[in-house]
Protein chains: 2
Amino acid sequence: MGDPTAAQELSDLSLNDAASASHVPNAEFSDRVPIRSIISRTDGGSGLAGQKARIGGWVKTGRKADKDAFAFLELNDGTCAGNLQVIVEASVYELGELVSTGTCVVVDGLLKIPPSGTRQRVELRAQKVIHVGPVDPSKYPLPKTKLSLEFLRDFVHLRSRTNTISAVARIRNALAFATHTFFNKHGFLYVHTPIITTSDCEGAGEMFQVTTLFSEADKLEKELIQNPPPTEEDVEAAKLLVKEKGDIVSQLKSAKASKQEIGAAVNELKKAKDNVSKNSHTSRHLAEFWMVEPEIAFADLKDNMNCAEAYVKFLCQWLLDNCLEDMKFMADKFDKSCIDRLKLVASTPFVRVSYTEAVEILVEAVNGGKKFENEVKWGIDLASEHERYLTEVKFQKPVIVYNYPKDIKAFYMRLNDDSKTVAAMDVLVPKVGELIGGSQREERLDVIQQRLNDIGLPPEPYEWYLDLRRYGTMKHAGFGLGFERMILFATGLENIRDVIPFPRYPGRADL
Amino acid sequence: MGDPTAAQELSDLSLNDAASASHVPNAEFSDRVPIRSIISRTDGGSGLAGQKARIGGWVKTGRKADKDAFAFLELNDGTCAGNLQVIVEASVYELGELVSTGTCVVVDGLLKIPPSGTRQRVELRAQKVIHVGPVDPSKYPLPKTKLSLEFLRDFVHLRSRTNTISAVARIRNALAFATHTFFNKHGFLYVHTPIITTSDCEGAGEMFQVTTLFSEADKLEKELIQNPPPTEEDVEAAKLLVKEKGDIVSQLKSAKASKQEIGAAVNELKKAKDNVSKNSHTSRHLAEFWMVEPEIAFADLKDNMNCAEAYVKFLCQWLLDNCLEDMKFMADKFDKSCIDRLKLVASTPFVRVSYTEAVEILVEAVNGGKKFENEVKWGIDLASEHERYLTEVKFQKPVIVYNYPKDIKAFYMRLNDDSKTVAAMDVLVPKVGELIGGSQREERLDVIQQRLNDIGLPPEPYEWYLDLRRYGTMKHAGFGLGFERMILFATGLENIRDVIPFPRYPGRADL
């Protein structure tokens, strides 16, 4: 906006003229008007010109203009991606206190059409400043310069004020509500499962142990508390490394080595542990993450695939219908193709191939010259590179792979008649690979007992689960959708730590 | 139903006549028709007579009739409180395998109007039995005799098959979806807060500690793992008891007592611990529970009260609109007044009294002869008996008490101008007392720092929270609704362990 024009426009409307103006309705549980309800109207808010409104938000950018006669504030209140421009005259408030990025400002003002040539379709002319939450710009950790997502991870309590993280928060919120809406619509019941458990679910991770007052927990070192568990792969790597280095220490000790020698070996051991920590700083894993886990009674693998496909399509369409402004922001800043990807998934039938067919396709690709880091042969667990080849290169749409080798899947998945595969399925999508894993569950008591026995799991911890098969068993199926993966898929972001409000990973459990 | 009549009716319709009958639509992700979509129709399902349907469910009661010519099965599939009566002829299936309570049966059949004089408006005549999940009645833990809720707590994995627990599950599900719907409608964002934390929130309980692979956790005794933390009061009682008994052991040890003497004292110590465990077996507390915790930007205490009142009213109306059948079941079996209570709360403005007024009312009651166990005077934290007197006796409707003495409330609640009270509020409802606790939060950095200092809390763990006040602070408010308390309130049940699917309390973290 050219300042002279603005100055001229400002004089067009006396503040006193506004005494009888009507007021834009407030949010129901607050005395301010959400900025979204102004600028996200189809007319961009221009239809509200002439009305009074109380606005609260945080200054994105602020500057004094026209020889400090007034200030332009770009105000954002988190309700939408866009800002509302607020103009404050020097006679209304001390402008210097308003313009720092991060300052909270609540103003009463009059909405008006800005001079032609500006991007905004409406702006607010302040009549009174109701509240200022100041910021010392020399100390505020989030200046208005462009900040990397990595930098922001050190300020998780403040980063939701940034354009990107607030857009992600709104997209995440929309996906959560879409999830509840979808499953409610289809007659599912939401079951609140416990956090505290003595079951080591699927044996996929070392079990967390919760201890308290009477426990020996006081003896635990503080650093351990702040180190949530690494992923399964990391645990394996850690075990190996620590074992190797540990062996050196033992050998030295048993060889009655000098304190110095043992000290050096212990240092090496510490470094090995550090390496493990660093290794688990991946962009795809968290110590704490969210899964959406529907289970369907009287359903088989086909029903399960139908449900998973319908759910993912519903989520994609929901974002297109309800979050387009935030999606456009993500497309603009991070991933040009993210909106097209949502449209593709919402409208295209998913390809369904058996694991055996999938392996044949991959072998064919290798024979045709495609290089994979991991060898392809029947029996392997598909690696991310394989999954992404199938969905991104071969089919260029979502793919459901089903009937996996039993040896790479959990004991509760239903054994197929070939006795080699189980009725498991993974949903693969472009950008993230595996989004969903699921299966028809084994409903036959004798088969599941045999499976437990074959893989050497003791039956006792599973007796409650076996009871469900023992008394009135029926066919049933279910799956899990990695909620953070869904958000990565939707937004095009690369790091899982940027799509959860308070990520927990080694060394990070503060707040 | 009179058997002879039924036998006569059976012959009215040949199975072969049904070959061309239309089929009631299946659930979308299953090949069976939910029983709800038949019997919860306004016509009770009678309009579907003559149509084919595949039904799956568990036998509530089964009996053979007419000299074993056929069997009557009351089938329930969890989608609603009601059962569908299924009639199977001996020529269709071996009847003895179908009639045990708990048996899962999937049948294809024809819907027909039962003989007059029966309660059902429609029943299913089996044409083919598709699946049977058998039950050995000599081993099944949930026979068809009436079972107490306490008994069922030993079978949390099976108890959802009972009428009461499945009704509670549907009510809980409805309240959860209502919650998401309400807050979405009012522009709130759902923020997934972390489970793992190093903050001891509000200092209200000893912090859980999460340990894993590299930790010393292996040293912890298994019994400790299975003992989640008791409540605050229990912790205090426990400390006292264990300390006392522990002192005896120490004294014996230092006095070089005999092994026997020490052994006897250790036994006493164990008994003390057991007592503590028993004490924490209360009907109102769990080691793990769910809270709904909205926070509102640019809101004060009045906005907060408005939001809390609107939310609770919305929940009550939702149950009346969407769960009436289950509510009628609860009214019939447990609490005659539960539906009236929902209607009262949904339609009546909540009374709002200050804490000071509330204490005056209670003192007046005492002067009038009312006996309370806990003394009433300004400064006390209101006990449950006081809260229930206010809401059940004095006002006979929901009451919001606000402006509590600062010394009994958390440091982050906003200090009022009198410097004696804070802008806190509790919502009290008949039957459970406190349902919601909340406050306007302290937005002034200097005041909150002073409060931390006054109560002796170190500022370091709260620096992230103080940052939110330090940079762009604004008025804001929020509250927490105890979700299990809301379900107790709605259903009229007495024990919190019966309204959460997998309750965790001392000694119970299995499954």
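A:Glu434 - would you say it is among the acidic types (Asp, Glu) and touching a strand residue (DSSP E or B) at 6+ places or on another chain (Cβ under 6 Å)?
Working: among the acidic types (Asp, Glu): yes; touching a strand residue (DSSP E or B) at 6+ places or on another chain (Cβ under 6 Å): yes.
Considered against the rule, which asks whether it is among the acidic types (Asp, Glu) and touching a strand residue (DSSP E or B) at 6+ places or on another chain (Cβ under 6 Å), A:Glu434 comes out as yes.
Just checking, which of A:Ser337, A:Ser354, A:Ser384, A:Ser347 is loosely packed, with under 15 Cβ neighbours inside 10 Å and within 28 Å of A:Arg441 (Cβ to Cβ)? First the steps, then the outcome.
On the way: A:Ser337 fails: within 28 Å of A:Arg441 (Cβ to Cβ); A:Ser354 fails: loosely packed, with under 15 Cβ neighbours inside 10 Å; A:Ser347 fails: within 28 Å of A:Arg441 (Cβ to Cβ).
Unique residue meeting the criteria: A:Ser384.
Please go through the range B:477-511 and pick out each residue that is among the aromatic types (Phe, Trp, Tyr), touching a Ser or Thr at 6+ places or on another chain (Cβ under 9 Å) and either more than 9 Å from chain A (Cβ to nearest Cβ) or assigned to a strand (DSSP E or B) (or both).
B:Phe479, B:Tyr505, listed by residue number.
Of B:Ile165, B:Ile171, B:Ile225, which residue is modelled with pLDDT of 50 or more and either within 9 Å of another protein chain (Cβ to nearest Cβ) or farther than 19 Å from B:Gly482 by Cβ (or both)? Before the answer, list the steps.
Values: B:Ile171 fails: either within 9 Å of another protein chain (Cβ to nearest Cβ) or farther than 19 Å from B:Gly482 by Cβ (or both); B:Ile225 fails: modelled with pLDDT of 50 or more.
Matching residue, one of B:Ile165, B:Ile171, B:Ile225: B:Ile165.
Is at least one residue of the range B:330-337 acidic (Asp, Glu) and in contact (Cβ under 8 Å) with a residue 60 or more places away in the chain? Lay out the reasoning, then the answer.
The first filter runs over the range B:330-337 and keeps only residues acidic (Asp, Glu), leaving B:332, B:335.
Going one step further and asking which of them are in contact (Cβ under 8 Å) with a residue 60 or more places away in the chain, we end up with B:335.
Taking every residue of the range B:330-337 in turn, at least one turns out to be acidic (Asp, Glu) and in contact (Cβ under 8 Å) with a residue 60 or more places away in the chain.
When you scan the range A:89-105, do you find a residue that is over 18 Å from A:His131 (Cβ atoms), away from chain B (no Cβ under 14 Å), at pLDDT below 95 and part of a loop (DSSP other than H, G, I, E, B), even just one?
No: zero hits.
Does any residue of the range A:424-443 turn out to be more than 25 Å from B:Tyr190 (Cα to Cα) and facing chain B (nearest Cβ under 10 Å)?
Within the range A:424-443 (the criterion being more than 25 Å from B:Tyr190 (Cα to Cα) and facing chain B (nearest Cβ under 10 Å)), the answer is yes, since at least one residue qualifies.
Kindly indicate whether A:Ala299 is in a loop (DSSP other than H, G, I, E, B), touching a strand residue (DSSP E or B) at 6+ places or on another chain (Cβ under 6 Å), of a type in the set (A, V, I, L, M, F, W, C) and under 23 Å from A:Pro503 (Cα atoms). Please lay out each step first, then the result.
Details: in a loop (DSSP other than H, G, I, E, B): yes; touching a strand residue (DSSP E or B) at 6+ places or on another chain (Cβ under 6 Å): yes; of a type in the set (A, V, I, L, M, F, W, C): yes; under 23 Å from A:Pro503 (Cα atoms): no.
For A:Ala299, the condition - in a loop (DSSP other than H, G, I, E, B), touching a strand residue (DSSP E or B) at 6+ places or on another chain (Cβ under 6 Å), of a type in the set (A, V, I, L, M, F, W, C) and under 23 Å from A:Pro503 (Cα atoms) - is not met.
Mind telling me which of the residues A:Tyr412, A:Tyr471, A:Tyr505, A:Tyr404 ends up being buried (at least 18 other Cβ atoms within 10 Å of the Cβ) and more than 29 Å from the chain's Cα centre (by Cα)?
Working: A:Tyr412 fails: more than 29 Å from the chain's Cα centre (by Cα); A:Tyr505 fails: more than 29 Å from the chain's Cα centre (by Cα); A:Tyr404 fails: more than 29 Å from the chain's Cα centre (by Cα).
After ruling out the rest, the residue left standing is A:Tyr471.
Out of (1) more than 28 Å from B:Tyr412 (Cα to Cα); (2) surrounded by 17 or more Cβ atoms within 10 Å (Cβ to Cβ); (3) out of contact with any Cys (no Cβ under 9 Å at 6 or more places or on another chain), the odd one out for B:Met327 is which?
Result: B:Met327 passes all but (3).
Evaluate the range B:8-21: report whether one residue or more is in contact with a Phe, Trp or Tyr (Cβ under 8 Å, 6 or more places away or on another chain), at pLDDT below 95 and not acidic (Asp, Glu).
Here is the first cut: in the range B:8-21, the residues in contact with a Phe, Trp or Tyr (Cβ under 8 Å, 6 or more places away or on another chain) are B:10.
Now restrict to residues that are at pLDDT below 95: B:10.
From what is left, the residues that are not acidic (Asp, Glu) are B:10.
Checked against the condition, which is being in contact with a Phe, Trp or Tyr (Cβ under 8 Å, 6 or more places away or on another chain), at pLDDT below 95 and not acidic (Asp, Glu), the range B:8-21 yields at least one hit.
Kindly establish whether A:Thr145 is free of Cβ contacts under 8 Å to residues at least 40 places away in the same chain, more than 11 Å from every other protein chain (Cβ to nearest Cβ) and surrounded by 18 or more Cβ atoms within 10 Å (Cβ to Cβ).
Values: free of Cβ contacts under 8 Å to residues at least 40 places away in the same chain: yes; more than 11 Å from every other protein chain (Cβ to nearest Cβ): yes; surrounded by 18 or more Cβ atoms within 10 Å (Cβ to Cβ): no.
When the stated conditions are applied, A:Thr145 does not pass them.
Looking at B:Ala358, B:Ala346, B:Ala331, B:Ala365, can you tell me which residue is small (Gly, Ala, Ser), under 19 Å from the mean Cα position of the chain (by Cα), in the same structural domain as B:Gly492 (by the TED database) and assigned to a helix (DSSP H, G or I)? I'd like the intermediate steps shown before the answer.
Working: B:Ala358 fails: under 19 Å from the mean Cα position of the chain (by Cα); B:Ala346 fails: under 19 Å from the mean Cα position of the chain (by Cα); B:Ala365 fails: under 19 Å from the mean Cα position of the chain (by Cα).
Of B:Ala358, B:Ala346, B:Ala331, B:Ala365, the one residue that is small (Gly, Ala, Ser), under 19 Å from the mean Cα position of the chain (by Cα), in the same structural domain as B:Gly492 (by the TED database) and assigned to a helix (DSSP H, G or I) is B:Ala331.
Yes/no matrix, rows are residues, columns are (1) at pLDDT 95 or above; (2) surrounded by fewer than 16 Cβ atoms within 10 Å (Cβ to Cβ); (3) at the interface with chain A (Cβ under 10 Å from one of its Cβ atoms):
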site	(1), (2), (3)
B:Asn26	no, no, yes
B:Asp31	no, no, yes
B:Ile38	yes, no, no
B:Thr42	no, yes, no
B:Gly45	no, no, no
B:Arg54	yes, no, yes
B:Gly57	yes, no, yes
B:Arg63	yes, yes, no
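Does any residue of the range B:85-92 turn out to be polar (S, T, N, Q), under 22 Å from B:Asp326 (Cα atoms) and touching a Lys or Arg at 6+ places or on another chain (Cβ under 7 Å)? Please lay out each step first, then the result.
Filtering the range B:85-92 for residues polar (S, T, N, Q) gives B:85, B:91.
Then keep just the ones that are under 22 Å from B:Asp326 (Cα atoms); that gives B:85.
With the extra rule that they be touching a Lys or Arg at 6+ places or on another chain (Cβ under 7 Å), the set shrinks to none.
No, the range B:85-92 contains no residue that is polar (S, T, N, Q), under 22 Å from B:Asp326 (Cα atoms) and touching a Lys or Arg at 6+ places or on another chain (Cβ under 7 Å).
Identify all residues within the range A:387-401 that are crowded, with 17+ Cβ neighbours inside 10 Å and in a loop (DSSP other than H, G, I, E, B); write none if there are none.
Across the range A:387-401, the qualifying residues are A:Phe395, A:Lys397, A:Pro398.
Can you tell me which residue is farthest from the other protein chains (Cβ to nearest Cβ) among those in the range A:447-476 that are of a type in the set (S, T, N, Q) and part of a helix (DSSP H, G or I)? Explain how you work it out, then say what you get.
First, the residues of the range A:447-476 that are of a type in the set (S, T, N, Q): A:449-450, A:453, A:473.
With part of a helix (DSSP H, G or I) added as a condition, the list becomes A:449-450, A:453.
Numbers: A:Gln449: 15, A:Gln450: 18, A:Asn453: 21 Å.
Checking each candidate, the answer is A:Asn453.
The values are calculated or read from the model by the stated rules, or taken from the named source; none is laboratory data. The structure displayed is predicted, hence computed values, not measured ones. FYI the Cβ positions are ideal-geometry reconstructions off the backbone, even for glycines, and counts take in every protein chain you see.
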